[in-house]
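*Asks:* Sharing a structure below in C-alpha cells format, with a few things to ask.
The values are calculated or read from the model by the stated rules, or taken from the named source; none is laboratory data. As the structure is a computational prediction, the values presented were derived from the model and not from experiment. Here Cβ is always computed from backbone atoms with ideal geometry, including for glycine, and neighbour counts include all displayed protein chains. Heavy atoms of the whole protein, side chains included, go into the accessibility calculation; ligands, DNA and RNA do not. Shrake-Rupley method; radii C 1.70, N 1.55, O 1.52, S 1.80 Å.
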Amino acid sequence: MDFLPEPHPTVRQLLAFYLEAGVDCALADEAVDRLAEPDAVAAAPVQREIAPPRAIRELPTAAPSVPRSETAPVPEAAIASAREAARTAPTLEALRGLLENFEGCALKHTATRLVFADGNPQARIMFVGEAPGRDEDIEGLPFVGRSGKLLDRMIAAIGLDRSKAYIANVIPWRPPGNRTPTPQETQICLPFIQRQIELVNPDVLVTLGNPSTQTLLSTRDGIMKTRGRWFDYDTGTRTIRAIATFHPAYLLRSPSYKRMSWQDLRAIAKAMETGSSQ
Ligand code: URA
C-alpha cells in the first residue's frame, strides 16, 4: 500500500500547534535552533535586551528559555537582594513598588506586567496561587481567567467575595507560555510573598495547589496528602492558621475532586466562623 507524503502544515496550523503547546509569546527577535550542533547554538548571538512582543503573529521566533546569566544576577545574589528589599517594605504599596523596581527575577522581562494582588488588604482570609497566566498577565490582576472564575465560586461558597478576601500568587510575573516556575525563580520571589502575607496579616491563609502549598507551608507532601490539613504558618510577627486545597485549574481538569474541595471549603468556613480550626 502506498503512503502519500504528509502535506506541509500551513502557518495557521503551526501557530495553532504552538498555541496549544502553551507557546504564545516570543522571547527574542531571532529564533534559536536548539537541535543544531551545540557549538553553533553556543555561538549564536544572545539578546541582552529582551523585548516582550506578545502578538501571536511573532510566534515562530519563540525560544523556550532565556539564558539567566544575561538577564538577572545569579540566584543567590537575587535571593539575598529580594530578602533585603522585602524586609524593608513597611506597607503593601511599598512592597508593590519594590517589586516593580526589582531586577532580580528574569520573569519580569518576559511578562507584560506585575500581577501583585486583588481583593481587600484588610480581609481575614488570603488565597495564594502559583503564578499568573495569560489573562492575568494582560489584566494585571490574579485569577481573572477561567480558573479565577472558579475561584470566585469557591470564595462565594464560603459566603465571601473579592471585597472580603485577598488574592495573590507566589510568583507575581507570568512565566512564558505558562511554564512551571523554576525552583530558583520561586526562591527569588518567596521573600516578597512572605512579606505580603505578613503585611495582610490574615486569620486564615489558603494555599491553592501543590506549588503554593509546598513553597509556603514547607512541605514536600503532595496536594492529595496536604489538602484539608491545617498548618501553622509563622508570618514573622504571629502564627496564623493555613490550609491547603486544590488549585481551581486542577479542579477544572479533574472535576471529580470538587467534592473534596467542597469539604475543604466547609472547614475554612467553620474556622472563619468559630476562629478555630479544630
Ligand atoms: N493560576 C494561578 O496560580 N494564579 C493566577 O493568578 C491564575 C492562574
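*Asks:* May I ask for the Rg/Rh ratio of the range 167-278, computed from Cα atoms with Rh as the Kirkwood radius, given to two decimals?
*Replies:* Value, to two decimals: 0.96.
*Asks:* Regarding the range 72-274, what whole-number volume in Å³ per residue does the convex hull of its Cα atoms give? Show your work: numbers first, answer last.
*Replies:* Working: hull volume 21.8 nm³, N = 203.
Per-residue hull volume (Cα only) is 107 Å³.
*Asks:* For the range 98-112, just list the computed ³J(HN,Hα) in residue order, Karplus coefficients 6.51, -1.76 and 1.60, θ = phi - 60°, integers in Hz, with x standing in for Gly and Pro.
*Replies:* Listing the rounded values in order: 5, 5, 4, 9, 6, 10, x, 10, 4, 4, 4, 7, 9, 7, 6 Hz.
*Asks:* Volume per residue, Å³, of the convex hull around the alpha-carbon atoms of the range 86-164?
*Replies:* Values: hull volume 7.9 nm³, N = 79.
Dividing the Cα hull volume of the range 86-164 by its residues yields 100 Å³.
*Asks:* Give me the percent of the accessible area of the range 138-177 that comes from carbon and sulfur atoms, probe 1.4 Å, all protein chains in place.
*Replies:* Numbers: 820 of 1470 Å².
Exposed carbon and sulfur together represent 56 percent of the surface.
*Asks:* OK, next. Leaving ligands, DNA and RNA out of it, rank V206, V74 by accessible area with a 1.4 Å probe, largest first.
*Replies:* My answer, sorted largest first, is V74, V206.
*Asks:* Efficiency by 1/(1 + (r/R0)^6): what FRET value for T237 and R146, r their Cβ-Cβ distance, R0 = 35 Å, to the nearest 0.05? It would help to have the intermediate numbers written out before the result.
*Replies:* Values: r = 36 Å, r/R0 = 1.02.
Efficiency at R0 = 35 Å is approximately 0.45.
*Asks:* If each of E93 and W262 carries a label point 7 Å out from its Cα toward its Cβ, how far apart are those two points in nm?
*Replies:* 4.3 nm
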